[in-house]
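Worksheet: one structure, shown below.
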Amino acid sequence: MALIGIIFFALMLVGAPIAFAIGISGFTFFLTSDVMPVSIGVQKIATVSQSFPLLAVPFFVLAGHLMNESGITDRLFTFSKVAVGWMAGGLAQVSIILSTLMGGVSGSAVADAAMEARVLGPQMISNGYSKGYSAAVIALSSLITSTIPPSIGLILYGYVGQVSIGRLFMAGIIPGMLMMLFLMVAAWLIARKRGYVMTDMRKPTAAEFGRAAWGAKWALLFPVLLIGTIRGGLFTPSEVGAFAVVYAIVIGKVAHGDMTFEAIKRAFAHALSDIGLIMLIILMSGMIGFAIIFLQVPQDVAHFMLQSLSNPILIVAVILVSLFIAGLFFESTILVLLLTPILVPVVTKAGVDPVHFGILMMTIVTFGSMTPPVGVAMFTVCSLLDTKVEEYVKEALPFIGAILALIALLLFVPEIVLFLPNLTYGG
């Protein structure tokens, strides 16, 4: 296992594509093994692709791009602006609300951050918000998509860790809403201090709020349908992904009238690129996943941690700190695919619910996308808004503090995470 790790890190250091770094390091195990033929490695790549639950990933990626082309995003933006645009830091609050609503549509933090940087970023800057503040709000609010269903990360975690995706989706709702509230409070406090107020906005009347909500009704209804159909047994998570694709096309064409053949072509083109990248990483990880299990790494890690630590909360806290450090250097998809098979048996043996741990893990590893030195969402937003990373980091500190406070709360009070899944599925 040490050799696999050395080769993986060496390939990453020389700038090899992530999928090839994973694939080559995993294939090394079969080349150097005395008992495993090389043909098994090839079979493991094929085996990973033969998974019905994994169909949820490409379906939800495609659905997210289709919804961006269907007019759903524009209507969510209008609703968010009416609902919270009148508050101190109104456009920052719009960004946070929009991330929460888009989390139920796109399922991708980076996609959400990029979209909001294009739509909201210039407006925030032209209204007197500093570039660093604007970039920090947009990038860090996209973290909400890591827990709000249909989070792509939760689907991968559930698939790799053999954890119920339905329970994970239910578990992510309350933490996602709490993250929204924590970030809104942080944005409000900073905005009041600096005078970030939109003078042309006022608190909406009930009629104005109702009209905005009605205009975005199909977008607001989608997360409810998603959860309801899974819990009701009408669809599996994979099937509801296919339903999301059909839903986006029908709503965009029939209800909104924005879905043209050219728009569908654009959505498919963007989705194919994203799906190809994600699926290649997943397929290559099949070899390393097999090696991890064959070499009994989870059992060794569990033995080491349970021998050293006895408190389940302390065990999870140590793991989360390690994941946070790893998340500073590696993309969340990689960490989920490589570490979930190791960590889920460890926390389960320690008496921690894997659903609870999954929400914490996805939040902390996705958090790395918003922080230096290699945060993808951070660099995406900073490049789109022409913002210096140093300015971004300085402005991001209050929001980082709010997120860490929430993670600590979720760690010490697991009932917050497990309340909905236990209520709907039984605990």
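Filtering LEU154, LEU181, LEU140 for residues that are free of Cβ contacts under 8 Å to residues at least 40 places away in the same chain and either closer than 11 Å to SER99 by Cα or in a helix (DSSP H, G or I) (or both) leaves a single hit, LEU181.
Give the range 26-44 a look and list any residue that's part of a helix (DSSP H, G or I), free of Cβ contacts under 8 Å to residues at least 40 places away in the same chain and open to solvent by 30 Å² or more (accessible area, probe 1.4 Å), or say none.
Pass one, the range 26-44, residues part of a helix (DSSP H, G or I): 26-32, 38-44.
After this cut, where a residue has to be free of Cβ contacts under 8 Å to residues at least 40 places away in the same chain as well, the list is 28, 31-32, 38-39, 42-43.
Matches in the range 26-44: LEU31, THR32, VAL38, SER39, VAL42, GLN43.
Considering the conditions (1) within 15 Å of the chain's Cα centre (by Cα); (2) closer than 26 Å to PHE182 by Cβ, ALA117 is excluded by exactly one of them, (1).
Scanning the range 10-17 turns up no residue that is more than 19 Å from the chain's Cα centre (by Cα), at pLDDT 75 or above and either surrounded by fewer than 16 Cβ atoms within 10 Å (Cβ to Cβ) or among the acidic types (Asp, Glu) (or both).
Which of the residues that make up the range 54-70 are open to solvent by 60 Å² or more (accessible area, probe 1.4 Å) and either closer than 14 Å to ILE152 by Cβ or in contact with a helix residue (DSSP H, G or I) (Cβ under 6 Å, 6 or more places away or on another chain) (or both)? Before the answer, list the steps.
In the first step, residues of the range 54-70 are kept if they are open to solvent by 60 Å² or more (accessible area, probe 1.4 Å); the result is 55, 59, 68.
Listed by number, the residues that qualify are LEU55, PHE59.
Any residue in the range 112-134 that is open to solvent by 10 Å² or more (accessible area, probe 1.4 Å), of a type in the set (D, E, K, R) and modelled with pLDDT of 80 or more? Taking every residue of the range 112-134 in turn, at least one turns out to be open to solvent by 10 Å² or more (accessible area, probe 1.4 Å), of a type in the set (D, E, K, R) and modelled with pLDDT of 80 or more.
Taken over the range 145-185, residues that are under 13 Å from SER95 (Cα atoms) and either touching a Pro at 6+ places or on another chain (Cβ under 9 Å) or among the polar types (S, T, N, Q) (or both) amount to 1. Test SER285 against the stated conditions and say whether it is in contact with a Gly (Cβ under 8 Å, 6 or more places away or on another chain), surrounded by 17 or more Cβ atoms within 10 Å (Cβ to Cβ) and in a helix (DSSP H, G or I). Here the answer is yes, as SER285 does meet what is asked. Would you check if there is a residue in the range 352-360 being at pLDDT below 90 and not aliphatic (A, V, I, L, M)? No, there is no match, as no residue in the range 352-360 is at pLDDT below 90 and not aliphatic (A, V, I, L, M).
Taken together, PHE235, PHE222 contain a single residue that is closer than 26 Å to ILE152 by Cα, open to solvent by 30 Å² or more (accessible area, probe 1.4 Å) and aromatic (Phe, Trp, Tyr), which is PHE235.
In the range 360-401, which residue that is among the polar types (S, T, N, Q) and part of a helix (DSSP H, G or I) is surrounded by the most Cβ atoms within 10 Å (Cβ to Cβ)?
Pass one, the range 360-401, residues among the polar types (S, T, N, Q): 363, 366, 369, 371, 380, 383, 387.
From what's left, part of a helix (DSSP H, G or I): 363, 366, 369, 380, 383.
Details: THR363: 26, THR366: 28, SER369: 25, THR380: 21, SER383: 13.
Among those that are among the polar types (S, T, N, Q) and part of a helix (DSSP H, G or I), it is THR366.
The values are calculated or read from the model by the stated rules, or taken from the named source; none is laboratory data. Everything numeric in this text was worked out from a predicted model, so none of it was measured. Note that we place each Cβ from the backbone using ideal geometry, even for glycine, and neighbour counts take in every protein chain shown. Accessible surface areas use protein heavy atoms only, side chains included; no ligands, DNA or RNA. Shrake-Rupley method; radii C 1.70, N 1.55, O 1.52, S 1.80 Å.
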